[in-house]
Structures are given as C-alpha cells and as structure tokens.
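Everything on this sheet refers to the single structure shown next.
Since every read-out is calculated from the coordinates, none of them should be taken as a lab result. Small disclaimer: the values here were computed from a predicted structure and weren't measured. Here the Cβ positions follow ideal geometry from the backbone for every residue, glycine too, while neighbour counts run over all protein chains shown.
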Amino acid sequence: MLVGVLLSAGCAGVAPVPATALPASCATGLPADGTPELLPAERPAGRAALAYQVGYEAPIWLVTSTGERYTMPPLPHRPPQSPDPQASELPEPLPPEPPRHDSVRDLRLSPDGRWLARAVHGTVELRDLTGTRVEQLPDSFNFHWSPDGRWLVLQREHGGDRLRLSRYDLTGGGVQEWAQPVPNMTWHLLGVRPDGSIVLRGSHELAGGGGEQNPHGVDESWLVLDRDGHEVARGTLPARHSLILLTGDTLVGVGGGRGEQDAEPAVTAAFALVGGAPRWTVTHPPHRLGLSYGIAGNLGGVPVIMQSFERGSPDLAETVELYTVDPASGRTTLACLIPERSEVVLPR
C-alpha cells in the first residue's frame, strides 16, 4: 500500500482529474496472454488508454479507452543498405530478419490518446488512432508531446553544449528545426509545456563525489527554455532523486531506497517547476522488501505511479499495480492491475 504525505499547500485547490480514460478491465486486471487482433491500419482503433508489454521482446498490446485490446504489428524489416560502388565485390545477401517486436518504452501516446508515436528504423512514425492518417518524421532518440497534443518535440542529439531539436506541428503541419545552446551538461528532453517551451533534465557527476549528502555523486538539474531558446527557470533536485515526469507546472521524481539492502524508504516527490518548492511526497516501503517503483505517465495531469515486486521477494505479486496521485495532496488510489513483469506506457 502506498502512503501519501502532504508537504505543501502549494497546489491547494487543484482538483484531480478523474482517470476516466482507463477501461473498466483495469480494476480486475489486464490479461497476460491471448492473441488480440492486429492494430487495424484501414480503420480507426479508438483513443488509447495505455500500452503494455509482458516481458522483453514480447508483443505490445494497445488498450483503448473503451477496453478493446490490439496487438502492435512487429517492426518492419530494415531497408537493405545500398552497396558500396567502390567495392570490388558485391556483398552476399543477408538472410531475412525474423519479425521483431520493439520495446513499449519506445512508444509515446499523446495526452488525449489520439496519436501514437513509434520509432521505426530511422524515422518516427505517427499514427492517428481515431482515423487512418500516418506520418513519417525524422529519427530521434527521445521525443515528447505537448499537453494539448499539438506539438511533438524530437531530440536529435544530446551531450556537449548544444541540443539539436525538431518541433512538429500536428495542426499546421511542418517541422521546425533548431540547435539550442545549453550549459555544458548531459541534457535530455523531459517534456513540453502548453506554450511550447521545453523542459530539459540535466545530470553530471560531482567532482570528488557528493559526500554524505549526495552519496551517488550525481547532480540532477532541470532547465526551462521558451520557444525562442531563452531561459525561463532552472533548479536542482534534492540529493538521491531522479527526474521522471513533467505534468503541468509540476516535476515528479523518485528517490531514496536504492538497493535491496537499503533500509531508507523510497519516495516519489513533486516539485514546483518554477522555484522548486516541494508539493507532495509519497513514501513507499523500502526496496529491501523486494518492491520497486517507477512513474508510468499521467492521466489528464494526474501522475501515475507503477509499483511492482522484484523476483525473489517474499511478497511476490502476480500483478503490477498502478496508482494515481492526487496532485493537491499526494493521496494515492489504486487505478489498474497489469500482469507481472510488465512494462506500461500511458499518455503523457
């Protein structure tokens, strides 16, 4: 059971958005097997509620808000490479690759569940789940939706003092590309705000380690840049926290309790994007009990925590539990049960 602790009234009066996008089958548990129909290409499938995958390289199942379950098609074969015109001999043809499933972590569902973004061999494929429209965008290793689903921002490069980014506008069409100067850290795109500004997560190892206050010796920071690349805000997380999710003007991270022998409780904590003031904290049982935690995404601005049981735990469960978090109080509510060893992606 997760325990929510209110730290600050900084977001008092913010009513949680009901998790109406989750199908009724979540309450009794989503199935771990079966052969659902392939995601149809010639007709609408319906808005997505979540996608999950039971085990590495297993099929990915997409669940709609009305409860239909579809199997994501395997990745298509890689296009053949053009032979080197300077080579004296042509290479022998390679045997065809067997069908392969990608990782559910490589999917991004738009906040309204309408769009599915998927990395496919050098491109990002966009699929309108309420229709049949498909678009191909440049490759990236990281991409995020804006909260209104209007923009998909793609991070093309990372590291050094510049980021190469692309912003695709689904309403007006077209891709805007720019190179963004950033402080000399390793930066990753964390999210996009409603006004189109971006939030970056940065980390670097501290010289000489972090001492008792930061035993992992890693500094976790965030940076907000407007659409013109100007800095809006920045901050640093408390020691032993890692940024996971941007929801509205709140950052959500996990920290503490790392390692099975660590008796310190794990926590999920929220901080104000501007100023970094704490908003709420959810305290979990220590990892030594065999529990592990993550952030699965959010539903209408409500963060969702994923609780699972590691193998070998005396309390090994047959399901992974998803909890919604009231953004005003940190109170948690069980929202969905998915099969053991599953990875899950929610609209975000």
A chain fully extended from Ser25 to Asp169 at 0.36 nm per residue, minus the present Cα-Cα distance, gains in nm 48.4 nm
Extension gain Gln136-Val274, at 0.36 nm per residue separation less the Cα-Cα distance, in nm?
46.2 nm
Be a star and scan segment 22-40 for residues whose amide nitrogen sits under 19 Å from the point 7 Å along the Cα-to-Cβ vector of Thr71.
30-40
What full-extension length gain, to one decimal in nm, is calculated for Glu177 and Ala233 as 0.36 nm per residue of separation minus the Cα-Cα distance?
17.9 nm
Sorted by mean Cβ packing within 10 Å, highest first, what order do the peptides 61-71, 295-305 take?
295-305, 61-71
